[in-house]
Amino acid sequence: MKLDETNKAIIKELSNGRKAFSTIAEKIGITENTVRSRVNKLLEDGVLQISGLVDPQSIPEMQVVIMGIKLSTLDLELKAKEMLSLKGVISVVVVTGRYDLIVQLVTSTQDDQSLLNFFKNELSKIKGISDVETFVVYQAHNFMIPFIL
């Protein structure tokens, strides 16, 4: 789907997902029904997702980890999908550079959701990983994530 200027303006206004369609319509000079139908189309096409996000620093037990993963296989897309199925994983991207995948995950300092348990119980399910480097997020600015704990 090609994003025209109207769709881009609507998406920018939806940085606050609770903003009323009537307010958006008034700001960009179109009808409320046009905003509603375009948002619905963007949602149906998978271009847009409206969701609640949290600041991980506001939840003391939440720990965000970013992992760089090197694979011993070139089946990057399959491995990315496998990684996405692991408990705690928020996102996986195939990248260029020294890693094949960048994985964003949430762990917890409580229960069995620690980083060590993620390595033992989840990451060990994925075959073909040759190297992993973890980056624990200690401080973040303008960083919001889905609450999945």
Considering only residues that are assigned to a helix (DSSP H, G or I) and touching a helix residue (DSSP H, G or I) at 6+ places or on another chain (Cβ under 7 Å), which ones fall in segment 12-27? Glu13, Phe21, Ser22, Ile24, Ala25, Lys27
Considering every residue within segment 3-20, establish whether at least one is among the hydrophobic types (A, V, I, L, M, F, W, C) and in contact with a strand residue (DSSP E or B) (Cβ under 9 Å, 6 or more places away or on another chain). no
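Residue-wise test of (1) closer than 30 Å to Lys120 by Cβ; (2) of a type in the set (S, T, N, Q); (3) in a helix (DSSP H, G or I).
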{"residue": "Ser37", "(1), (2), (3)": "no, yes, yes"}
{"residue": "Leu42", "(1), (2), (3)": "no, no, yes"}
{"residue": "Leu48", "(1), (2), (3)": "no, no, no"}
{"residue": "Val64", "(1), (2), (3)": "yes, no, no"}
{"residue": "Leu78", "(1), (2), (3)": "yes, no, yes"}
When you check Gln104 against the structure, is it part of a loop (DSSP other than H, G, I, E, B), of a type in the set (S, T, N, Q) and surrounded by 12 or more Cβ atoms within 10 Å (Cβ to Cβ), yes or no? no
When you look at Ser58, is it surrounded by 12 or more Cβ atoms within 10 Å (Cβ to Cβ), free of Cβ contacts under 8 Å to residues at least 12 places away in the same chain, more than 30 Å from Gly97 (Cβ to Cβ) and not basic (Lys, Arg), yes or no? no
Would you please name the residue that is farthest from Gly46 (Cα to Cα), looking only at residues in segment 11-26 that are among the β-branched types (Val, Ile, Thr) and at pLDDT 90 or above? Thr23
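Report yes if Asn7 is loosely packed, with under 14 Cβ neighbours inside 10 Å and over 30 Å from Asp131 (Cβ atoms), otherwise no. Lay out the reasoning, then the answer.
Numbers: loosely packed, with under 14 Cβ neighbours inside 10 Å: no; over 30 Å from Asp131 (Cβ atoms): yes.
The answer is no for Asn7.
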With the condition kept exactly as written, say whether any residue in segment 115-123 is touching a helix residue (DSSP H, G or I) at 6+ places or on another chain (Cβ under 9 Å), surrounded by 13 or more Cβ atoms within 10 Å (Cβ to Cβ), without any contact (Cβ under 8 Å) to a residue 60 or more places away in the chain and under 30 Å from Leu3 (Cα atoms). no
Breaking point among (1) closer than 25 Å to Leu53 by Cβ; (2) without any contact (Cβ under 8 Å) to a residue 12 or more places away in the chain, for Gly29: (1)
Within segment 80-96, considering residues that are part of a loop (DSSP other than H, G, I, E, B) and of a type in the set (S, T, N, Q), the one surrounded by the most Cβ atoms within 10 Å (Cβ to Cβ): Ser85
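The values are calculated or read from the model by the stated rules, or taken from the named source; none is laboratory data. Fair warning: this is a prediction, and the values are worked out from it, not measured in the lab. Neighbour counts run over all protein chains shown; Cβ positions are idealised from the backbone, glycine included.
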